[in-house]
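A short write-up of the structure that comes next.
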Amino acid sequence: MSQERRTDPTKRVGTEAIERQRASAHGLGPAAEHERSQKALERRVAERTRELARANERLQAQVRESERAVHLQATLYRIAALGHGEGSNEAFYRSIHEAVGELLNAESFCIALVSDDGQWLDFPYYVDSSGAELLRRPMGRGMSEYAIRCAQTIRLEAEKISALIEQGEVDADTYGNPAVSWLGAPLMGARGVMGIVVVQSYRSDLHYTQQDAELLTFVSYQIANTLQRRQQAEALRILNAELEQRVLERTQELRRQIVVRERAQKQLKHQVMHDSLTGLPNRLYLRERLERALGALKREPTRRFALLYLDVDRFKLFNDGLGHGVGDEVLRIVSARMADCVRPPDIVGRLSGDEFAVLLENCPQPSSACLVAERIQARMAQAIEIGGRQLHVSVSIGIAMSRPLYQTVDQLLHDADTALYRAKAAGRHRFVLFDESLHVSSVNVLDLEQQMRDALEKSEFEAYFQPIVRLADGGVTGYEALIRWRHPQLGVLGPGQFLPAAEATGLIEMIDWHMYRLAFQAAPALLGRDKILNINISTGHFHSRDFPQRLLNLTAQAGVALDQLCIEVTESSLLSDPDAAAEILGRLHEAGVRIALDDFGTGYSSLSHVHRFPLRTLKIDRSFIAPLGQAAQQRSMAIVSAVLSLARSLDLNVVAEGVENTAQRDALLSMGCTHGQGFLFGRPAPLGTGASLRAGEP
């Protein structure tokens, strides 16, 4: 309001009177005074008009600001309402574009979203007046990525954009068509920046202001909240749909289960009672049948039955050497052949691994059971062809006839297993009928086990040494350490009298380590500087990964040079676990220990062992040496000559075992064999009997 309007009216009248008096004093007439008053009035009217115009402008600005606030609030409500809609994403983003366009110029508009892993930038909606196409791209150096990195609203003009490109903050290729004015506000989510909303101008007459930036920032909060609500609603919808689908699928599955329940129960019972590989009844089924048979035997003592316990000979060789697939196929064929040899109500069952059983429910005589065993073995004699190989399979069989003294199934199974063990010990591919003598024998094994444990504690086992010599002059080149048991009642026992029982009872490894300590203690006095000590390794040691280090530690404690130590292994021990044997022998070979293959020529794949294992020496089995010097020596000479030729080609040493007379020695010398071992040169003897140990030395 002007100063004049704020002046008191009485004061203004007095002023006018004073002016009139001054006018009269200066000689002005009424006309002049009237004109002056008129001008003053016009000035006051003009001033008042200007004041009213300014007041009107302020009022109009307030009205516009109010209308803008109302419009902004309405727009935000519209955006918020979009979050509850069920329309398509395209319609949702288009509605946001329209809403933003009512607040500021949005000819070129886009919404970009960061992927969940933060590696990609998606453009679910964009409208660009320049015709540019926005495609999904890795997070890089575009303008949108720059604003996302800054995490705040960015308003840029062309000059500033060019500066960012020169600074490397923005990549020109990624940015695309340059804008005159660019405005972007980040969409802030619960886990940080989830995207950005951008408007840009390609027109020289359209520049975004700070007020536009504040407005877009305000709107971006609502857009982000709306987007999150839609995303949550979409996730919930998907979750509900998945849940409904799972409920539907589960309901259908339950219906199917109800329909097939009886069938499944029957199948389950069959699976529980039968072997999955062969389809034969399993141990559980067989025990059930044996219990019924024993119950029938108690009711009718004259009605007898028989149990055949079978084991596939050398099955581990097929399984480990040719693979488990071949082993499984062998078991399937063997089981089918066994089933062909019996008739109902007799059954064939698989107990475990390569063990089978045949129950002959009506078998009054042992001869009947023996006939079935013979039929099974004859059926197995036919070769099996698998994968282009012809395999020859045999079985060992133990037979137990029903007797009134059997009270439990375990008693019957034990006796059949005892007979099977005896059949395998006798050389496999045969059957043995259980009788009381086998029972006594098995009891004797238990007694022998306790005696061997006592012998270990009392140091009754002794180390004997047999010389290995040069055939040409009888000079001793080494000794083989052999174990003997000085039994307090039975005298000195050879290894064949107790080692089988030691292997069966698991004492063999303890006895071996006792033997190694004795041999190593005697080695320094026995070997000198140039002789070799041979020790024998049992199969069980190849199942112990720490065996090499333990043996090396023992040699170090005894002061035995590693290049004076040779370990002897048999082909059967190598076949028990070829991979483990190769690893253990390899470690010993690397340490300098010599490796000898004992009883060469009697195994199943001797030549393959020569290539696979780090052998230094071949010991020809005594069975090939015995015929030398006799009329029927031709075949043995051919075999020995072949072994010597093979050894020379592979730079291996050869020792002939079991040389007992000069004729054998001369025959070996004529074929080029240089070393031998046998009674001709010396019998095994303890260290104290020097004459036996030095027999044959020059």
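Worth a mention:
- Cβ-based charge dipole, the chain, positive-most Cα from Val432, Gly349, Ile639: Gly349
- Sorted largest first, extent of the stretch 85-229 alpha carbons per principal axis (Å): 43, 35, 27
- Each part gets one Cα centre, and for the stretch 520-557 versus the stretch 346-401 those centres are 43 Å apart.
- About the centre of its Cα atoms, the chain shows a dipole size close to 1260 debye [charges on the beta carbon of Lys, Arg (+1) and Asp, Glu (-1) only; nearest 20 debye].
- Farthest toward positive dipole pole in the chain [+1 Lys/Arg, -1 Asp/Glu at C-beta], among Asn225, Ala423, Gly688: Asn225
- Label-point separation in nm, Arg403 to Glu462, each point 7 Å along Cα→Cβ: 4.0
- 222 nm mean residue ellipticity, helices alone, for the chain (DSSP H n ≥ 4; -39,500 (n - 2.57); rounded to 500): -17500 deg cm²/dmol
- Beta bridges per DSSP, both residues in the chain: antiparallel share near 70 percent.
- Given Lys316/Lys458; Lys269/Lys424; Lys424/Lys619, the pairs whose alpha carbons are separated by over 31 Å: Lys316/Lys458; Lys269/Lys424
- When Rg and the Kirkwood Rh are both derived from Cα coordinates, the Rg/Rh ratio for the stretch 189-267 amounts to 1.48.
- Surface calculation, 1.4 Å probe, protein heavy atoms: Asp171 sits at approximately 60 Å² accessible.
- The Cα center of the stretch 264-283 and the Cα center of the stretch 301-336 differ in position by 18 Å.
- Selection among Ala339, Leu308, Pro366 by position relative to the dipole of the stretch 275-396 gives Pro366 as farthest towards the positive end (Cβ unit charges, Cα centre).
- Accessible surface of the chain, 1.4 Å probe, proportion on carbon and sulfur as whole %: 51
- Taking the convex hull of Cα positions in the stretch 140-224, its mean projected area over all directions (nm²): 5.4
- In the chain, excluding the sites themselves, the longest stretch lacking any of the GluC sites (Glu not before Pro) that are in a DSSP loop with at most 13 other Cβ atoms within 10 Å is 134-698.
- Compared with the direct C-alpha span, the chain from Met139 to Ala31 gains 30.3 nm at full extension, assuming 0.36 nm per residue.
- Computed over protein heavy atoms with a 1.4 Å probe, the accessible surface of the stretch 221-312 works out to 69 Å² per residue.
- Computed Kirkwood radius, in angstrom, where 1/r is averaged over Cα pairs of the stretch 486-585: 14.8
- Translational diffusion coefficient of the chain (Stokes-Einstein, Kirkwood radius from Cα pairs, 20 °C, 1.002 mPa s): 58 µm²/s.
- Hypothetical label at Arg58: residues of the stretch 209-231 whose amide nitrogen lies under 12 Å (7 Å Cα-Cβ projection): none
- Largest first, the three principal axis extents of the alpha carbons in the stretch 470-538 are 41, 21, 21 Å in whole numbers.
- A 1.4 Å probe run over the protein chains yields, for the stretch 451-516, 41 Å² of accessible area per residue, whole-number rounding.
The values are calculated or read from the model by the stated rules, or taken from the named source; none is laboratory data. Please read all numbers here as calculations on a predicted model, not as lab measurements. FYI the Cβ positions are ideal-geometry reconstructions off the backbone, even for glycines, and counts take in every protein chain you see. When the accessible area is computed, the model is the full protein with side chains, heavy atoms only, and any ligands, DNA or RNA have been set aside. Shrake-Rupley method; radii C 1.70, N 1.55, O 1.52, S 1.80 Å.
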